[in-house]
Every structure is written in C-alpha cells, then in structure tokens.
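Have a look at the structure below, then the notes.
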Amino acid sequence: MDIKETVLNILNDLTGSDVSGAMDENLFDSGIMDSMASVQLLLSLQSELGVNVPVSEFERSEWDTPNKIIAKVESLA
Amino acid sequence: MLTFEPYGNPTYFALLGVALLPLMIGLLYGKRSRLYETLISIFFLVLTFGGAKWTQGVALIIYILYEVGLTWGYAVYRRNHNSGPFFYLMVILAIAPLTIVKVTPAVENGQASLIGFLGISYLTFRAVQTIMETRDGAIKNYNVMTFLQFMLFFPTISSGPIDRYRRFEADYRSVPDRDKYLGMLQKGIRYLFVGFMYKFILAYYFGTILMPKLQLMAMHSRGGFLDISWPLVGYMYCYSADLFFDFAGYSLFAVGTSYIMGIATPMNFKQPWRSPNIKDFWNRWHITLSFWFRDFIYMRLVFWFMKHKVFKKPTTTANVTYVINMLVMGFWHGVTWYYITYGLFHGVALMVNDMWLRYKKKHRQSVPHNHFTQIFAIFLTGNLVCFSFLIFSGILDKIWF
C-alpha cells in the first residue's frame, strides 16, 4: 500500500468521513479535524508508517488539507 | 524619573513615534540596525520598569538571567542527551518563579510576591515553549542573543501576544523587502488607530464610565434569588465589552508596533463574537494564549495519554484533557475560586460542545442547519461566554461574600 492510500485510510478511520473527494478542503475549518484528531493522526503515522512527527513540528497550517498531509508525510517518510 | 504603563498615555505614543522613525527609515532602505533596536528596547524597558518600579526591574533582570541559564543549559545538554526526567525538571524550574508569584497572594492575604513583575506570565510561556521545542528537536540553533531579543521584545513584553521562538527568529534575522514592509507599515498604523478607538474610547466608556455605576446598582439590588438582578445582567455585558475592547485594544498596539518594527507578531483576536460554538471561540479569543495551551498542554497531554493508553476511549481522553487544560488556564489567571470556576466552566463547555458536534455528525439529516440556527448558535455562544466572564470578573465574590 502506498503512502497516499495509507494516509487516506487513516484519515477516513479518524474522521468517519471519506475525505478523498475533497483533497484540498481545509479539514480544520470544516470541523472534520481538531487537536485531538491531529494527535491521533500523528500516532497512527508513527505506528503504521514509522513516521515520527513531534508535536512541535505539527504546524497546523501545513497539515490542514488531505493533499498537504500526504505531501508532508511523503517528505518525512 | 518618568515611568509608564506600556501604551498607557499620549506621551508614551509620542516617544514611540520618535523612537520608531529611524527604524522605519532603515527598514524602508533594507537595513535593520540591531544596535538601534536593542537601544530603544532598553529605553522602553527602563520606562516601564524603572523609576518607582525599580524593584520590578531588578526582579525582571534576575528572572531573565535565570531563564537564559535554563534554556541555554538545556540547549547545550540536548545536543548529546535526551533524558525525560531531566526535561521535566527543566520545565518545572522554568515555571517555578511564575508559580510562586501566582500562589503568593492566595497564601499571604493578597500580598504580591517580591519576585513578580509586569509580564512574568508572558515571558514564562515563551521560555517554556523554547525548552519544549528544544526537546522535540525543532529548535536546533539556540542562540542566546536571539533568545534575549525574543524575551525582551518590548512591544509585547507586558501582556503578549505570545510569539514563538522560531517564528520570531525568522522575522528578526531577515529584512522584509520594500513592498512587503510598506504593507506591514500600513497595517501597523491601521492597527494602532483601531487600537485607539478600542482602548481609549470604547473600553474607557464601558470600563470607566458605565461599569462602576452598574456595579453599584448591582450591589444595591441584592436580595433576590442568588442576588441576581437586572443591573447584574447589565454588568455582565458591560464587563465583557470592557474586557474585549481593553485587551483587543492593547493587543492591536502591540501587534501594530511589532509590524512597524518589521516583525509580524501574531494577532490575538479574530472577531470572537462571531463564533458559532465555544470550540471556535477559543480559536478567535486571546488566540496566542489559547494556541499556546493547545500546543503545549492539550496536545502533549493527549499524546501522552494515548501513547500510554491511559483511557480506553479517545473521547474520554479528549474530555479529561479539556478539563485539565482549562483548569490550568484558570489557575494561571490566579488562585481564586472564581478564576478556577471559570476554567472549569470552559473545560465542561468544550466537553459538551464536542458531544453536540458528534451528535450532529451522526444525525446529519434530522438536525436542521440554516441561517436561523446559525444566528441562534452565535447568540447562545456569545451569552455563554459573557456568563463565563461574569464568573471571571469576581463581582460574584463581592456580591455573595
């Protein structure tokens, strides 16, 4: 499974909604994600992809759409 | 000797204008003079902490040396080591002076601590954040001089906004090009003038003219159920208006002055009275404080709880952390029953808010969403917030006890 698919799966599990239809939607503005979901995302990235992101590096504006999240994870993997 | 409250009177602004003029001309020609910036910083710090308030000035100097010692020491240590307990010890030591200052009045009958000074909270937030980001490896090039500039940046020293080390450093080390700086200058000057309106007209009217009258009336109208009266309701809205215009006005001065100095200090308020729920309110009200709590308390605690599987359900984790987070914020305001109740109120409000959002998501079809519900949500949120400010104001302490 590639990174994009894994990240989308994590996001779908986390938010209970399919985000693949709106890859540039701001997940925080629309209320789909919040701080709690952000932490869950970081933990899932760690367990499923082995990508370690400390909370300090979680700058919300860099992680607020599915596309940005995928790009960010790809750059860190 | 003259002493001033920052942004307190016209003379302060006149001095500010004179001091900033050479700096503005420099920035327009692409030059940033560190020496000049340091000199005017020292000048305004002496105006704020000198003269009759010299004891505060001494407290500030000792405090700064102490925090520099901790952050510098930790940055050097962190290059080769990363022990958890040592990190916690550093954080506790960094918070210790603030804790003493906050607890002293509660145990010494209202006596202020000798080590306190105007702005100690805001400096502590900056120091603790620097230590935490150093541990995470996010701050790799700790620099003592930059840290000092960051801590002692005079426009924001007394009450924030709370900037972040890395963000400040990036601005401080660069010079904006002319177009960008002209944009910042324009914004900065506009912020100052909106600030004048907020602080010296609106906050003055609500806080200095109207509020004492309403307080007197509320004191005279005691006797009903829980001593609640119409003047008390009026006081609630008046206090909330004063709190907003006073602090938003101050923040505009601080951000405006920063912009004129070519530093894009983050904004503190973003139309908070338009929030449709409490969660959104905290994204719009005293933003740099609430984001500080979000990033350095809430998210870190949630991370720790989830990693160690302390609670079975994520919702429990979120709820417990909301309450802890807001209680800490309450305690930070001061150790009195009304600040702590205020924190608890917001912790529970965030919990209920999340429950409602989950319910709404599940029953998307049956929950109506239109202009009317939106206006109702804004109305309800605004009133809940004003009620929490009534608790926060401490007037209930005067009326009841």
Reach of residue B:362 by Cα under 18 Å, taken over lysines that are not fewer than 8 positions away in the same chain: B:313
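Assuming 1.002 mPa s and 20 °C, estimate D for region B:137-245 with Stokes-Einstein, Rh taken as the Kirkwood radius over Cα pairs, in µm²/s.
Details: Rh = 17.9 Å.
Translational diffusion coefficient: 120 µm²/s.
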Whole-Hz ³J(HN,Hα) from phi, Karplus 6.51 cos²θ - 1.76 cosθ + 1.60, for region B:304-315, glycine and proline x: 5, 4, 6, 5, 8, 6, 6, 10, 6, 9, x, 5
Estimated dipole of chain B in Debye, rounded to 20 [Cβ of Lys and Arg +1, of Asp and Glu -1, Cα centre]: 1400
Anchor residue B:102: lysines whose Cα lies under 23 Å away (excluding residues fewer than 8 positions away in-chain): B:53, B:398
Convex hull per residue volume in Å³, alpha carbons only, for region B:53-197: 134
Spin-label pair residue A:17/residue B:328, simplified geometry with 7 Å Cα→Cβ offset, distance in nm: 3.0
Shielding by other protein chains, A:31-41, mean Cβ within 10 Å: 6
Per-bin percent of Cα-Cα distances, region A:14-77 [5 Å]: 4, 17, 32, 29, 16, 3
Selection from B:36, B:76, B:60 lying farthest towards where the dipole of region B:30-95 points positive, charges on Cβ: B:36
Normalised contact order of chain B, rounded percent, pairs of Cα under 8 Å and 6 or more residues apart: 15
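Where the accessible area of region B:252-323 is counted over protein heavy atoms with a 1.4 Å probe, how much of it, in %, is carbon and sulfur?
Numbers: 1660 of 2680 Å².
Looking at region B:252-323 in its full context, I get 62 percent from C and S.
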Peptide B:135-144 - average C-beta neighbours from other chains (10 Å radius): 2
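Roughly to the nearest percent, how much of the accessible area of region B:1-44 is carbon and sulfur, given a 1.4 Å probe? All intermediate terms of the calculation are to be shown ahead of the outcome.
On the way: 1860 of 2540 Å².
Summing carbon and sulfur atoms, their accessible area is 73 percent of the total for region B:1-44.
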Rounded FRET efficiency, nearest 0.05, which uses the C-beta distance separating residue B:371 from residue A:26 and R0 of 22 Å: 0.50
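Could you size up the charge dipole of region B:227-373 around its Cα centre, putting +1 on the beta carbon of Lys and Arg and -1 on that of Asp and Glu, and report it in debye to the nearest 20? Let's see the in-between values first.
Values: 15 positive and 6 negative charges, 221 e Å.
Its charge dipole is roughly 1060 debye.
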Per residue accessible area of region B:295-351, 1.4 Å probe, in Å²: 45
Pair-distance profile P(r), taking every C-alpha pair of the protein assembly as shown, with 20 angstrom steps and integer %: 20, 55, 24, 1
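If B:263, B:92, B:209 are ordered by their accessible area, calculated over protein heavy atoms with a 1.4 Å probe, which sequence runs from highest to lowest?
Final ranking, largest accessible area leading: B:92, B:209, B:263.
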Chain B, helix-only ellipticity at 222 nm - DSSP H runs n ≥ 4, -39,500 (n - 2.57), divided by all residues, nearest 500: -22500 deg cm²/dmol
Local electrostatic count, residue B:283, Cβ distance below 12 Å [Lys/Arg +1, Asp/Glu -1]: +3
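Counting only C-alpha contacts under 8 Å and six or more residues apart, can you give the relative contact order of region B:26-162 as a whole percent?
Computed over region B:26-162, the figure is 29 percent.
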Cross-link pairs B:140/B:279; A:4/A:72; B:140/B:187; A:68/B:312; A:72/B:140; A:68/B:187 - those with Cα-Cα distance over 22 Å: B:140/B:279; B:140/B:187; A:68/B:312; A:68/B:187
Label-zone membership for region B:325-350, site residue B:398, 7 angstrom Cα→C-beta point, backbone N under 17 Å: B:337-339
Taking only Cα atoms of region B:54-132, radius of gyration then Dmax in Å: 13.8, 46
Rg(Cα)/(2.2 N^0.38 Å) for region B:1-99, N = residue count: 1.47
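Taking 0.36 nm per intervening residue step and subtracting the Cα-Cα distance, what contour gain separates residue B:103 from residue B:77 on full extension? Write out the running numbers ahead of the final one.
On the way: separation 26, 0.36 × 26 = 9.36 nm, distance 3.07 nm.
Additional length available on full extension: 6.3 nm.
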Average Cα contact separation per residue, region B:150-265, under 8 Å, 6 or more apart, as relative contact order %: 45
Of B:66, B:239, B:259, the one that fluctuates the most in a GNM where chain B has Cα springs shorter than 10 Å: B:66
Dipole of chain A, positive direction: furthest Cα of A:70, A:56, A:7, with charges on the beta-carbon: A:56
For chain B, with +1 on Lys and Arg beta carbons and -1 on Asp and Glu, the positive-most of B:205, B:297, B:17 along the dipole: B:297
Normalised convex hull volume, region B:239-339, alpha-carbon set, Å³ per residue: 128
Vicinal HN-Hα couplings computed from phi for region B:94-100 (Karplus, 6.51 cos²θ - 1.76 cosθ + 1.60; Hz; Gly/Pro x): 5, 7, 3, x, 5, 4, 4
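Tell me the mean residue ellipticity at 222 nm calculated for chain A from its helices only (DSSP H runs of n ≥ 4, each -39500 (n - 2.57), averaged over every residue, nearest 500).
Computed mean residue ellipticity for chain A: -13500 deg cm²/dmol.
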Average accessible area per residue (Å²) across region B:155-291 - probe 1.4 Å, nucleic acids and ligands excluded: 45
Assigned charges on the beta-carbon of Lys, Arg, Asp, Glu; region B:101-259 dipole about Cα centre (debye): 280
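The values are calculated or read from the model by the stated rules, or taken from the named source; none is laboratory data. What you are looking at is a predicted structure, and each value in this text was computed from that prediction instead of being measured. With ideal geometry, Cβ positions are generated from the backbone for all residues, glycine too; neighbour counts draw on all protein chains shown. Quick note on the areas: whole protein, heavy atoms, side chains included, nothing else; ligands and nucleic acids left out. Shrake-Rupley method; radii C 1.70, N 1.55, O 1.52, S 1.80 Å.
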